[in-house]
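In what follows, a structure is listed as structure tokens, so that the remarks can point back to it.
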Amino acid sequence: MPNQSPEALSQNLQKLRRFIENRVGKAIGDYKMIEDGDTVMVCLSGGKDSYTLLDVLLALRKRAPIDFRIIAMNLDQKQPGFPAEVLPNYLEKLGVEYRIVTQDTYSIVKEKVPEGKTTCSLCSRLRRGIIYKTASELGANKIALGHHRDDIVHTLFLNMLFGGKLKAMPPKLVTDNGDYMVIRPLAYVPEADIIRYARGVNFPIIPCNLCGTQENLQRQKIREMMADWDARYPGRTESVMTAIQNVVPSHLGDRSLFDFEGLQAGYADAIPGGGDIAFDTESYDTESCETPVLGDEAQVITFGAKPKP
């Protein structure tokens, strides 16, 4: 049963849970995702990521030095065969406040998108509008999504290779209308660990038959590319995620981020990144790029708090 007490879990699963909670707590602290008095609407799709997100947030709230409200929200898009009873039953047993919104976006997407074309873009826009409306009705000021570290890295490559933009998926952002803050507490969590955890606690997973089985998605190609890189050179996804958090604008080319036109000789010391050392041969520490290994001494960091000695 999800959200079990640590004693009810196997030793390995306890370690994994501590590791995930550690990563989530650190992300929340690093980006100040959740504050005292917040109402956090957790978008629950029925997939492994959002189940894990809700499970961990509920666990962290019990130990948090602040008080905040959690409301689970699911959008029933009327996909054929969708088991509408699964999530309400799960949330009732969990004892968490929730809202199920039913709206037939499935028919709209199938009507508007030609056969064989990807449905993600339109489906995402429709979902987003419903999510914002529901957040308003519930009085939520934070919207928590289940995107994890791999999603963020894959989005970076998608935008670079197919969109011509150096843009990823931020751990925290303000919605287009400025009314809500979207947070991604799983931003530091590897997908492989979420898969293991979801399997271990036996979440009642609901597959997405609308878009999850489309084989021609560019995102799937990126996923395969990163899987190949990680298999041959372990730690590449972690390294890219680290790079996203260590940006040097002076060594890219965006004139809106760095004053290239005003750059003059004689001021090399003022250049972030160290001037022309970017052309030197780097000596990379491959060990520092490896994904952290779970161990007996894993320390849970709650909301960015310092580890206990």
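Thr119 meets each of the listed conditions (1) within 15 Å of the chain's Cα centre (by Cα); (2) among the β-branched types (Val, Ile, Thr); (3) at pLDDT below 95 apart from (1). For the subset of segment 43-58 comprising residues that are open to solvent by 10 Å² or more (accessible area, probe 1.4 Å) and in a helix (DSSP H, G or I), which member is farthest from Arg23 (Cα to Cα)? Per the criteria, the residue is Lys48.
Here segment 83-110 is the region considered, the condition is being modelled with pLDDT of 85 or more and of a type in the set (Phe, Trp, Tyr), and the residue that is least open to solvent (accessible area, probe 1.4 Å) is Tyr90.
Of these, Lys165, Lys133, Lys142, Lys172, which one is at negative phi, out of contact with any Gly (no Cβ under 7 Å at 6 or more places or on another chain), in contact (Cβ under 8 Å) with a residue 12 or more places away in the chain and open to solvent by 30 Å² or more (accessible area, probe 1.4 Å)? It is Lys172.
Pairs only if they're at least six apart or on different chains, beta carbon under 7 angstrom, first in segment 215-244 and farther than 20 Å from Tyr188 by Cα and in a helix (DSSP H, G or I), second hydroxyl-bearing (Ser, Thr, Tyr) and open to solvent by less than 70 Å² (accessible area, probe 1.4 Å); list them, first residue then second. Going by the 7 Å Cβ cut-off, there are no qualifying pairs.
Restricting attention to segment 70-89, the residues being among the aliphatic types (A, V, I, L, M) and part of a loop (DSSP other than H, G, I, E, B) number 1. The combined condition, being in contact (Cβ under 8 Å) with a residue 40 or more places away in the chain and touching a Pro at 6+ places or on another chain (Cβ under 8 Å), is not fulfilled by Asp179. For Gln214, the criteria (1) among the polar types (S, T, N, Q); (2) modelled with pLDDT under 95; (3) exposed (fewer than 12 other Cβ atoms within 10 Å of the Cβ) hold in every case but one, which is (3). For segment 43-57, indicate whether the set of residues that are at positive phi, modelled with pLDDT of 95 or more and in contact with a Phe, Trp or Tyr (Cβ under 7 Å, 6 or more places away or on another chain) is non-empty. No, because not a single residue in segment 43-57 is at positive phi, modelled with pLDDT of 95 or more and in contact with a Phe, Trp or Tyr (Cβ under 7 Å, 6 or more places away or on another chain). Against the condition open to solvent by less than 20 Å² (accessible area, probe 1.4 Å) and within 13 Å of Leu145 (Cβ to Cβ), how does Leu16 come out, does it pass? It is false that Leu16 is open to solvent by less than 20 Å² (accessible area, probe 1.4 Å) and within 13 Å of Leu145 (Cβ to Cβ).
The values are calculated or read from the model by the stated rules, or taken from the named source; none is laboratory data. All values derive from a computational prediction rather than experimental measurement. Note: ideal-geometry Cβ built from the backbone for every residue, glycine included; neighbour counts use all protein chains shown. Accessible surface is based on the protein model in full, side chains and every heavy atom, while ligands, DNA and RNA are left aside. Shrake-Rupley method; radii C 1.70, N 1.55, O 1.52, S 1.80 Å.
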